[in-house]
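Asker: Sharing a structure here in structure tokens format.
The values are calculated or read from the model by the stated rules, or taken from the named source; none is laboratory data. Please read all numbers here as calculations on a predicted model, not as lab measurements. Here Cβ is always computed from backbone atoms with ideal geometry, including for glycine, and neighbour counts include all displayed protein chains. Heads up: the accessible areas ignore ligands, DNA and RNA and are worked out on the full protein's heavy atoms, side chains in. Shrake-Rupley method; radii C 1.70, N 1.55, O 1.52, S 1.80 Å.
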Amino acid sequence: MEASHEEKRNASLKRALLILSCVLLSIGTCGGPLIMRLYFIHGGNRVWLSSWLETGGWPIIFVPIALAYYHRRTTEGPSTKLFFMKLPLFIASAVIGLITGLDDYLYAYGVARLPVSTSALIIAAQLAFTALFAFLLVKQKFTSYSTNAVVLLTIGAAVLGLNTSADRPKGESDKQYIAGFLMTVAAAALYGFVLPLVELTYKKAKQTITYALVLEIQMVMCLFATIFCTVGMLINNDFKVIPREARNFGLGEGTYYVVLVLSAIVWQTFFLGAIGIIFCASSLLSGIVIAVLLPITEILAVIFYHEKFQAEKGVALALSLWGFVSYFYGEIKYSKQRENEKKNEQEKEKEIEIEKKDTPETADVSQLDP
């Protein structure tokens, strides 16, 4: 009974953590591109700085790590550790962090050249890459519902692409637009690879993966991604240009720094949400949540930046919501099925134990003395 109660408690905590991660990912997915685009619209043009801001808020992760440590210290005593990560996991997280840094630059370059509606459309293709790499790296099993969700979300992204030429920014050359398009496609593919790679790291780690350890992994990833982008900023002399760019910013110098700080904070919610969903569920679900939120980002871009909302965007939104519902309906259905199978197995085990107790023990005649 105690074990069953503990399992239910852990399941409830994991469900609550999954919901929290979805909320954080929603804030980051919708808010991150909008704030980044705000920077470029009003006079910002430093791509390396924008990519740096995507992970530069990594010290924020110290807050939940410190709170978790304080809680463990009060319950387990002063002998408890602040960090649990071992060297192999640290190296793996650092490598993924460097890949993430490259992905940050590719994405920031695309946002600098394309409107939010177009970049969101291209990033939606990330789901197909995530599904492919999840199948190859972590042997993700597809159900009819998850396959349906991937197809619907991919069709939604394709529908969005039917009329994007009207959204091309004024003064944007064909060369710049194509470069931004290709960079964003590369960013979608690379992050579609990163999500399953993180899940594979969890599975291959030779230590128990707890949420506290997940936070450490995220902190190391963001730290090395930030180091990667810092090198780019130094080579590009971005640090020297920041004061001058702030003075010329369209919304004012003070607002310029507010935009930078807010961008760093919001992007951290994106990464924390993504790794939280991978920990609680799978990299595929993380990709699906990102994809379903992209049309909402489109609507917000229409509201705040007055981008056109064609009929194609309405169709894409409907398809995305349909895919999202399809995935979760399938998950609920299959989770109930797994619970029933588990109960049946437990009942069979109990019946076997009862039969063993009821059966009288017989002596082995061959071992008796004549």
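Asker: Which ranges mark the helices (runs of 4 or more DSSP H) fully within segment 2-121 that have 3 or more residues being in contact with a Gly (Cβ under 6 Å, 6 or more places away or on another chain) and at pLDDT below 90?
Answerer: In segment 2-121, there are no helices (runs of 4 or more DSSP H) which contain 3 or more residues that are in contact with a Gly (Cβ under 6 Å, 6 or more places away or on another chain) and at pLDDT below 90.
Asker: Just the residues that are touching a Lys or Arg at 6+ places or on another chain (Cβ under 7 Å) and among the small types (Gly, Ala, Ser), please, taken from segment 262-289.
Answerer: Of everything in segment 262-289, nothing turns out to be touching a Lys or Arg at 6+ places or on another chain (Cβ under 7 Å) and among the small types (Gly, Ala, Ser).
Asker: Okay, next question. Do you know which residues across segment 178-208 are of a type in the set (A, V, I, L, M) and either free of Cβ contacts under 8 Å to residues at least 60 places away in the same chain or open to solvent by 50 Å² or more (accessible area, probe 1.4 Å) (or both)?
Answerer: Across segment 178-208, the qualifying residues are 178, 182, 183, 185.
Asker: Quick one: in segment 155-174, which of the residues that are outside any loop (DSSP other than H, G, I, E, B) and open to solvent by 60 Å² or more (accessible area, probe 1.4 Å) is modelled with the lowest pLDDT?
Answerer: Only one residue fits best here, namely 165.
Asker: Does segment 56-75 hold any residues that are of a type outside the set (D, E, K, R) and surrounded by 13 or more Cβ atoms within 10 Å (Cβ to Cβ), and which are they?
Answerer: Residues satisfying the conditions are 56, 57, 58, 59, 60, 61, 64, 65, 68, 69.
Asker: Being acidic (Asp, Glu) and either open to solvent by 20 Å² or more (accessible area, probe 1.4 Å) or free of Cβ contacts under 8 Å to residues at least 60 places away in the same chain (or both) is the filter here; which residues of segment 219-266 pass it?
Answerer: Correct list: 253 only.
Asker: Could you check segment 123-152 and list, in sequence order, the residues that are closer than 10 Å to residue 192 by Cα, in contact with a Leu (Cβ under 8 Å, 6 or more places away or on another chain) and surrounded by fewer than 20 Cβ atoms within 10 Å (Cβ to Cβ)?
Answerer: None; the set is empty.
Asker: Among residues belonging to segment 136-154 that are assigned to a loop (DSSP other than H, G, I, E, B) and without any contact (Cβ under 8 Å) to a residue 40 or more places away in the chain, point out the one that is farthest from residue 295 (Cα to Cα).
Answerer: The residue in question is 139.
The rows are residues; the columns are (1) exposed (fewer than 13 other Cβ atoms within 10 Å of the Cβ); (2) aliphatic (A, V, I, L, M); (3) modelled with pLDDT under 75.
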residue	(1), (2), (3)
296	no, yes, no
299	no, yes, no
303	yes, yes, no
309	no, no, yes
316	no, yes, yes
320	no, no, yes
330	no, no, no
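Asker: How many residues are in contact with a helix residue (DSSP H, G or I) (Cβ under 6 Å, 6 or more places away or on another chain) and open to solvent by less than 50 Å² (accessible area, probe 1.4 Å) when one looks only at segment 76-98?
Answerer: Result for segment 76-98: 7.
Asker: Something else: Being open to solvent by 20 Å² or more (accessible area, probe 1.4 Å) and touching a Ser or Thr at 6+ places or on another chain (Cβ under 9 Å) is the filter here; which residues of segment 7-30 pass it?
Answerer: Answer for segment 7-30, where residues must be open to solvent by 20 Å² or more (accessible area, probe 1.4 Å) and touching a Ser or Thr at 6+ places or on another chain (Cβ under 9 Å): 23, 24, 26, 27.
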